[in-house]
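Participant: Below: one structure in structure tokens.
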Amino acid sequence: MSTGDDDHQIGYQALPRGVAVHASDGERIGTVYRVQDNAREHIFDGIVIDTPSGRRFVDAPEVARITLRQVTLTITAAEAAELPEQSGALGSMQTRAQRTARRWRRKLTGGR
């Protein structure tokens, strides 16, 4: 394991982009791209990580520990390789948002 295990744990809000992400078996699998949260309700949803095979979303329960130097997951590198692509999850959120926006536009403009 790396020296990141000796670091003090921090809250997800303080996690900077580019911090190394390690699987539970110690393998470095990528770096932090973005933290996802529900800011209004102060709920940590997970992190999006940059990996050699693209961006992946790691759900909050799969994040074991966060420090300034590394994030440690509860899953192995093999399990992390099976994580969903971030673009797919974000794409479906954008689609829902676009449908909602169209619905409100129709209501406000009388269907035009």
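The values are calculated or read from the model by the stated rules, or taken from the named source; none is laboratory data. These figures come from a predicted structure and were not determined experimentally. Counting neighbours? That spans all protein chains shown, and the Cβs are built from the backbone with ideal geometry, glycine included. Keep in mind that these areas ignore ligands, DNA and RNA; they rest on the heavy atoms of the full protein, side chains included. Shrake-Rupley method; radii C 1.70, N 1.55, O 1.52, S 1.80 Å.
Participant: Residue check: is R105 over 20 Å from G11 (Cα atoms) and either at pLDDT below 95 or open to solvent by 70 Å² or more (accessible area, probe 1.4 Å) (or both)?
Facilitator: yes
Participant: Then there's this: Against the conditions (1) at pLDDT 95 or above; (2) over 15 Å from the mean Cα position of the chain (by Cα); (3) among the aliphatic types (A, V, I, L, M), where does M1 fall short? Just the number, please.
Facilitator: Going through (1) at pLDDT 95 or above; (2) over 15 Å from the mean Cα position of the chain (by Cα); (3) among the aliphatic types (A, V, I, L, M) one by one, M1 breaks only (1).
Participant: Right, another one. Cβ-Cβ under 9 Å, sequence separation 6+ or interchain: first residue in segment 74-85 and among the β-branched types (V, I, T), partner part of a helix (DSSP H, G or I). Which pairs?
Facilitator: T74/P61; T74/E62; I75/E62
Participant: Restricting to segment 7-23, name every residue that is open to solvent by 30 Å² or more (accessible area, probe 1.4 Å) and assigned to a loop (DSSP other than H, G, I, E, B).
Facilitator: H8, I10, G11, P16, R17, G18
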